[in-house]
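Asker: I have a structure I would like to understand better, so I am pasting it below and will then ask my questions one at a time.
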Amino acid sequence: MKINFWLLDIDREESEGKTIIRLWGITDKNERIVIYDKTFQPSFYLLIKNEWISTFLKKLEEEKENLKIKEILKEDKKFFGRKIEALKLIFNSFEDLIKCSEKLTNRIEVAECLENDLRPAFKYMIEKNVIPCCWHEVEVKEIDKKTVMVDKAYEAVSSPNLIEKKDIPNLKILSFSITCYSKVGFPNPTKDPIILISACTNFNDKKQFFVFNFNDKEVINDFSRFINEFNPDIIVGFNNNNFDWPYLIERAEINKIDLAITRNGVKPHKSLYGHVSIAGRANLDLLDFAKDIPEIKLETLEELAEFLKIEEFESKPLISNVSKYVETEDGKKLLIKNSLINAELILKCFKMLLEFFIQLSSVTGLPLDQVIAAPVGFRVDSYLIRQAYKLGELIPKRKEQPYQSYKGGMVLSPKPGLHKNIAVLDFASMYPNLMMLYNVSPDTLVSLNEPLNENVFPIPEVEHKFRKEPPGLYKIVFSNLLAERKKINAQLNQLSPESIEYKLLKERSKAIKIITNACYGYAGWVGARWYSKEVAESAAALGRKAIKEVINIASEEGLKVIYSDTDSVFIENLPEKIKKLQEKTLNKIGVEIKVDKIYKKIIFTEAKKKYAGLTQENTIDIVGMEAVRGDWANIAKIVQRKILEIMLIEEDLKKALDYLKSFIKKLRKEKFDLKDFILWKTLTKPVNEYEIKAPHIEAAKKLIQKGWRLTTGDKIGYVIIKGSGKLYEKAEPYELVNNIEDIDVEYYIFHQVIPAASRVLKVFGLSEKRLIDLASASSLIDFSSG
DNA sequence: GCACGCCCAATACCC
DNA sequence: ACGGGTATTGGGCGTGCG
């Protein structure tokens with residue numbers, strides 16, 4: 001029989017010396033299914049050194065049985081664009097493959113083992129062109145599903161075929177959040193129980209499991225039972241990969257509970273990219289997504305909801321100490337309520353992101369749960385592997401290699417001051433376009449000692465050259481990516497923006513853009529399979545040449561350049577001249593430069609990468625300045641924003657100064673909220689590895705002492721409290737501050753508010769020293785009069 | 001003894 | 001665990017001054 005299914009998850013099992021691929025999906029009849037594909041043959045490639053090439057095959061045939069090789073084939077492949085003959089070794093199981101490749105890797109006849117580093121489920125998808133989050137048709141026969149939590153189980157008769165069906169099945173989604181109890185500090189799963197779990201589903205369930213007698217056995221059991229009853233396709237949480245699941249798993253172990261919530265009836269396990277994998281379902285962590293969004297600074301669920309513009313979500317009070325709340329009935333009620341708000345909010349956020357996640361998965365070819373957890377570099381890796389395979393290329397290995405830096409984009413010093421009517425022009429996808437034009441790719445790179453001729457592109461400034469033909473991997477990949485986006489944009493014009501097709505295509509376009517823009521950085525990343533310093537360096541050099549050319553053309557046209565950064569120029573908004581500049585640029589460079597934005601007014605300081613502009617819609621863009629930085633106190637950001645607003649709209653210096661003065665006065669007099677003073681900094685390594693003393697590190701140490709478990713990537717929120725000595729001695733984690741009176745307001749005035757205000761005001765001739773004098777004087781006046 | 005300049009580590013941002 | 005370019009802060013240290 002034939003069935004159509006949408007691929008949700010894929011993994012493998014080893015059974016009787018054979019690797020069997022398991023495809024977990026949903027059919028067009030809305031059934032949850034698993035398909036076992038026993039037709040997959042694990043394989044890897046051997047490249048033989050030239051001198052052994054004629055004799056090695058025979059030798060290997062003799063050892064075939066011993067090495068558990070099922071079959072040996074000669075194949076014509078390509079490796080970095082060069083035609084090459086490779087031996088394909090085929091096995092029954094992946095285990096056999098690994099053992100054999102380990103034995104052969106160091107043989108003198110062997111130049112290289114390839115593709116033995118690709119995981120079977122992944123290799124299967126590549127070979128069979130099976131794509132996650134897409135529909136496939138497959139010939140199957142039904143088998144006993146045993147205890148597997150699906151509607152039906154099948155064995156594949158032949159391999160699945162991708163079909164042109166674009167919709168998404170009716171997925172069952174479960175969101176959840178756990179609350180743990182600890183008497184002091186951060187909960188520790190070896191001793192502190194889970195007291196509360198909330199779960200919501202897109203079928204309108206709102207379930208809560210709790211006990212306040214600190215025996216969490218029942219809570220975990222009930223939750224686990226509920227998961228299996230509802231049988232979700234997707235489980236989603238916030239920080240569930242690093243908190244909820246590890247905690248649940250450890251508590252389950254301590255309570256001797258079998259946390260059998262995967263579709264094949266075992267417990268979740270840590271997988272690739274450090275995420276928690278739940279076989280047959282997709283376990284997703286919204287924190288992974290939040291970390292990819294630069295606008296999201298603190299990486300909290302609330303911030304994510306705000307970013308997604310989720311309206312009227314109930315805000316909950318800051319609960320820093322659960323133990324206090326369990327003491328009273330009201331406290332318990334509040335905990336229960338908050339927990340549900342969390343689970344609901346997670347579900348709401350997820351519903352807005354589902355289509356994007358699905359497209360990211362199908363574009364990159366990584367399973368849904370993996371793609372969300374995977375760093376950008378591995379998403380690109382996966383995409384390139386698929387494309388390279390289609391071209392008959394062998395997949396290079398990730399190699400340990402030394403890091404080499406190279407020269408990047410060009411940044412011009414801005415002309416400080418307030419400018420009016422300024423246009424911002426930038427190249428559309430500069431690096432991808434230049435790399436396509438000059439066929440910049442690892443497989444087209446010409447070696448240094450080869451002479452320059454008409455068949456190669458020389459790259460300015462750097463010594464590299466690239467063959468004009470045939471198109472290299474990056475050129476092919478970029479052409480495909482740009483072509484597909486173009487096609488999508490055309491399709492979008494034909495669709496109603498309210499339709500699901502529109503939403504899906506829009507999100508696909510976004511996913512493609514992300515991959516396109518990541519490729520240049522990927523090429524310069526030592527961890528990349530297709531790493532090439534020469535490629536990245538050449539792209540950067542071409543970029544510098546292109547933008548320099550634009551600047552030249554601007555001066556030819558008599559357009560004053562105010563500022564430029566990498567692929568953009570800020571110039572006077574003179575439409576006729578700009579049009580000319582665009583034409584000349586396209587002619588000379590071959591890449592289009594577009595008017596991205598027009599500012600009615602724009603303020604530049606002396607510094608690069610910092611400015612604030614008044615848009616035509618009368619909104620204010622702030623770039624790089626303190627007001628958009630996560631590591632400045634709210635009070636400083638508020639003041640800077642307001643002063644920018646006054647100077648951009650009214651250009652009233654006196655008003656700005658008066659505002660500053662009154663704000664400082666208010667700061668000294670009134671009670672502000674603790675959160676307005678918090679300074680946030682990220683730990684970039686474990687606390688004990690820091691060799692220096694710094695405020696956020698000292699604050700982190702205090703938290704650790706109180707039982708917090710802090711790791712790399714955690715955000716430390718601290719405030720500066722009154723006292724003497726070094727700043728780091730006055731840094732206190734905000735969680736440990738009980739009295740707002742302890743805040744050292746004077747520090748904030750002189751080290752936060754004034755510097756932030758001064759950044760703007762000094763452009764208008766007000767020195768920081770004057771502001772400091774002003775604040776000091778007003779302090780004296782207030783002191784003497786009050 | 002300390003103000004000052006200088007260098008460095010650390011961090012966050014821009015494109 | 002995608003790149004380089006850049007600004008900025010606070011710690012630490014040496015220097016020169018009084």
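Rule-based calculations on the coordinates, nothing more; no lab input. All figures in this text were calculated on a predicted structure; none of them were measured in a lab. Here the Cβ positions follow ideal geometry from the backbone for every residue, glycine too, while neighbour counts run over all protein chains shown.
Asker: Could you list A:I649, A:I261 so that the one with the fewest beta carbons within 10 Å of its beta carbon is first and the one with the most is last?
Answerer: Ascending Cβ contact count within 10 Å gives the list A:I649, A:I261.
Asker: Could I ask something else about it? Filter the GluC sites (Glu not before Pro) in region A:317-413 to those in DSSP coil with at most 14 other Cβ atoms within 10 Å of their Cβ, and list the result.
Answerer: Sites meeting the loop and neighbour criteria: A:E327, A:E400.
Asker: For region A:220-246 and region A:39-78, what is the separation of their C-alpha centers, rounded to whole Å?
Answerer: 45 Å
Asker: If I model a spin label at A:K510 and A:D28 as a point 7 Å from the Cα along the Cα→Cβ vector, what separation in nanometres do I get?
Answerer: Those two pseudo-labels are separated by 2.8 nm.
Asker: Work out how much length A:T566 to A:T39 would gain on full extension: take 0.36 nm times their residue separation and subtract the Cα-Cα distance, in nm to one decimal.
Answerer: Taking 0.36 nm per residue and subtracting the Cα distance, the gain is 184.6 nm.
Asker: Right, another one. In region A:1-141, if the dipole is taken from +1 on Lys/Arg beta carbons and -1 on Asp/Glu beta carbons about the Cα centre, which of A:L114, A:A86, A:I20 is farthest to the positive end?
Answerer: Working it through, the farthest residue towards the positive pole turns out to be A:A86.
Asker: For A:E537, A:E469, what's the fewest-to-most ordering of other Cβ within 10 Å of each Cβ?
Answerer: Neighbour counts put them in this order, fewest first: A:E469, A:E537.
Asker: For chain A, what is the relative contact order in percent, using Cα pairs closer than 8 Å and at least 6 residues apart in sequence?
Answerer: Rounded, it is 10 percent for chain A.
Asker: Taking region A:220-285, which trypsin sites (Lys or Arg not before Pro) meet the DSSP loop condition and have no more than 10 other C-beta atoms within 10 Å?
Answerer: Sites meeting the loop and neighbour criteria: A:K256.
Asker: All other residues with a Cβ under 13 Å from the Cβ of A:H419 taken together, and with Lys, Arg as +1 and Asp, Glu as -1, what is their net charge?
Answerer: Its environment carries a net charge of +3.
Asker: Within 10 Å of each candidate Cβ there may be at most 12 other Cβ atoms; applying that plus a DSSP loop requirement, which trypsin sites (Lys or Arg not before Pro) in region A:304-396 survive?
Answerer: Filter output for region A:304-396: A:K309.
Asker: I'd like the distance separating the alpha-carbon centroids of region A:314-392 and region A:155-209, in whole Å.
Answerer: After rounding, the separation between the Cα centres reads 10 Å.
Asker: Between the alpha-carbon centers of region A:422-458 and region A:680-722, tell me the distance in whole angstrom.
Answerer: Distance between centres, Cα-based: 44 Å.
Asker: Shifting gears a bit: Extension gain A:E218-A:T619, at 0.36 nm per residue separation less the Cα-Cα distance, in nm?
Answerer: The span from A:E218 to A:T619 would gain 139.0 nm if fully extended.
Asker: Of A:K18/A:K70; A:K348/A:K503; A:K655/A:K762; A:K309/A:K506; A:K407/A:K594, which ones are farther than 21 Å apart at the Cα?
Answerer: Over 21 Å apart, Cα to Cα: A:K407/A:K594.
Asker: Order by neighbour count: A:D443, A:D673, fewest other Cβ atoms within 10 Å first, most last.
Answerer: Listed from fewest to most nearby Cβ atoms, that is A:D673, A:D443.
Asker: Give the shape of chain A as rounded, prolate or oblate, defined through the alpha-carbon gyration tensor: a ≥ b ≥ c are the square roots of its eigenvalues, a/c under 1.5 means rounded, and otherwise the shape is prolate if a/b is larger than b/c and oblate if not.
Answerer: oblate
Asker: Taking R0 as 41 Å, what FRET efficiency do you get between A:R668 and A:K348 from their Cβ-Cβ distance, rounded to the nearest 0.05?
Answerer: According to the calculation, E is roughly 0.50.
Asker: Oh, and also: For region A:476-489, what does the Karplus curve 6.51 cos²θ - 1.76 cosθ + 1.60, with θ = phi - 60°, yield as ³J(HN,Hα) per residue in whole Hz, taken in order and with x for Gly and Pro?
Answerer: Listing the rounded values in order: 4, 4, 5, 4, 4, 5, 5, 5, 5, 5, 4, 4, 4, 4 Hz.
Asker: Under a crude label model (7 Å from the Cα following the beta-carbon direction), how far is A:K503 from A:N129 in nanometres?
Answerer: A separation of 3.0 nm, rounded to one decimal place.
Asker: A:E75 versus A:E311, label points 7 Å from Cα toward the beta carbon: distance in nm?
Answerer: 5.5 nm
Asker: Where does the charge balance sit around A:T300 when Lys and Arg score +1, Asp and Glu -1, over other residues with C-beta under 10 Å from its C-beta?
Answerer: Local charge sum for A:T300: -2.
Asker: Provide the descending list of Cα extents for region A:524-643 along its principal axes, expressed in whole angstroms.
Answerer: Between the extreme Cα coordinates on each principal axis of region A:524-643 lie 46, 46, 24 Å.
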